[in-house]
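What follows is a single structure, written as structure tokens, with notes after it.
The values are calculated or read from the model by the stated rules, or taken from the named source; none is laboratory data. The structure displayed is predicted, hence computed values, not measured ones. Every residue, glycine as well, gets a Cβ built from its backbone with ideal geometry; the counts of neighbours run over all protein chains shown. Only protein heavy atoms, including side chains, enter the accessible area calculation; ligands, DNA and RNA are left aside. Shrake-Rupley method; radii C 1.70, N 1.55, O 1.52, S 1.80 Å.
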Amino acid sequence: PGISVTQAIELMQTQDRVLKAFPEVQSVYGKAGRADTSTDPAPLSMMETTVILKPQGEWRAKERWYSGRLPGFLQPLVRPIWPDRISWDDLVAEMDRALRIPGVTNAWTMPIKARIDMLTTGVRTPVGVKIFGPDLAELERLGTQIEALLPAVEGTRSVFAERAAGGYFVDIEPRRDELARLGITIADLQDVIMFAVGGENLGTVIDGRARYPINVRYPRELRDDLEQLGRVLVDAPGGAAVPLAQVAELKIVSGPAMLRDENGFLASYVYVDVAGRDIGGYVAEAKRLVREQV
């Protein structure tokens, strides 16, 4: 939670490289954050990677009792019962072990199934826990408590509770007395913050059917920490320029990166990936554990 755009891209590219290294993989395509649509409410820390696999006949061989014993023309008869290639579950288990990156939780599913699950329930894993209430901090506390509890249930491959209040924001609070002394209006200050720090679209480049916005703002090295931001100059009447830190207080605060609302309540989700057992039995056992201990 609170990951930057640059870090999200680096992390996603690392994941893509690890997955592409598997001989069974044909191509990998990763996406960080949400698509440009209001129907995809995903934080930047949610990465979605689609892995296209080669035909199963090209996967790595697996030793079987008949390997090297049966003649080649008889082997196709026993392969449907005892496949001599690694299975989909074997491959996913290997990928999961290779992608143990600190701070990242994996969940494995099929692309179309994931879309249907997200549209119908909002949960993109085989099992999910929804927590409702009025207080974001309490929702996060309960979610992390359930996250620590569910690995004890047999079949839990991974579990991740949303950090609803895990976003980081730069607050710029004007010093009104200082602005008044220098004759700078709040609008002048906000223009500097909007153009220099946030960036503003000034026009559009047209290239055939494509449209590219022309965005103006300070280069990254002039705005990548609070000290640098504090040096951004604000014009005062009479031609003088004063640093932003003189006319505003800059601080980093934590808050909700995303607000999820369902049936009039604030909501928080716990995502659970299950492997090696039936979903119904898993849900029944998980319900009992949560009811007893949360």
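Descriptive notes on the structure:
- Listed values for the range 148-165 are Karplus-derived 3J(HN,Hα) couplings in whole Hz (6.51 cos²θ - 1.76 cosθ + 1.60, θ = phi - 60°), namely 6, 8, 5, x, 6, 7, 4, x, 6, 8, 7, 8, 9, 9, 4, 9, 5, 9, and x replaces Gly and Pro.
- Links that overshoot a 21 Å alpha carbon limit, given the list 31/287; 130/287; 31/113: 31/287
- Ranked by the mean number of other Cβ atoms within 10 Å per residue, highest first, peptides 196-205, 135-144 order as 135-144, 196-205.
- Rg over Rh [alpha-carbon atoms, Kirkwood Rh] for the chain: 1.10
- Point-charge dipole on Cβ atoms (K/R +1, D/E -1) for the chain, about Cα centre, debye to 20: 1180
- With Cα atoms, 0 to 90° folded angle of helix 111-120 axis to the chain main axis: 60
- If R0 is taken as 25 Å, the Cβ-Cβ distance between residue 210 and residue 185 corresponds to a FRET efficiency of 0.05.
- Shape analysis of the range 163-206 places it in the oblate category; the axes a ≥ b ≥ c from the Cα gyration tensor give an a/c of at least 1.5, with a/b not above b/c.
- For residue 161, residues with placed amide H under 5 Å, excluding near neighbours: 271
- Rounded FRET efficiency, nearest 0.05, which uses the C-beta distance separating residue 101 from residue 36 and R0 of 22 Å: 0.25
- Highest-first packing order for the peptide set 269-278, 84-93, 149-158 is 269-278, 149-158, 84-93, based on the mean count of other beta carbon atoms within 10 Å.
- Here the accessible area is traced with a 1.4 Å probe on the protein chains. For the chain, carbon and sulfur cover 56 percent of it.
- Folded to 0 to 90 degrees: helix 279-293 orientation relative to the chain principal axis, Cα: 50
- Relative contact order %, the chain, counting alpha carbon pairs below 8 Å whose residues are six or more apart: 21
- For residue 248, residues with placed amide H under 5 Å, excluding near neighbours: 175
- Compared with the dominant principal axis of the Cα atoms in the chain, helix 5-20 is inclined by about 20°.
- Annotation: lysines with alpha-carbon distance below 20 angstrom to residue 62 (same-chain offsets under eight excluded): 54.
- Ordering of 209-219, 281-291 by burial proxy (mean other Cβ atoms within 10 Å per residue, highest first): 281-291, 209-219
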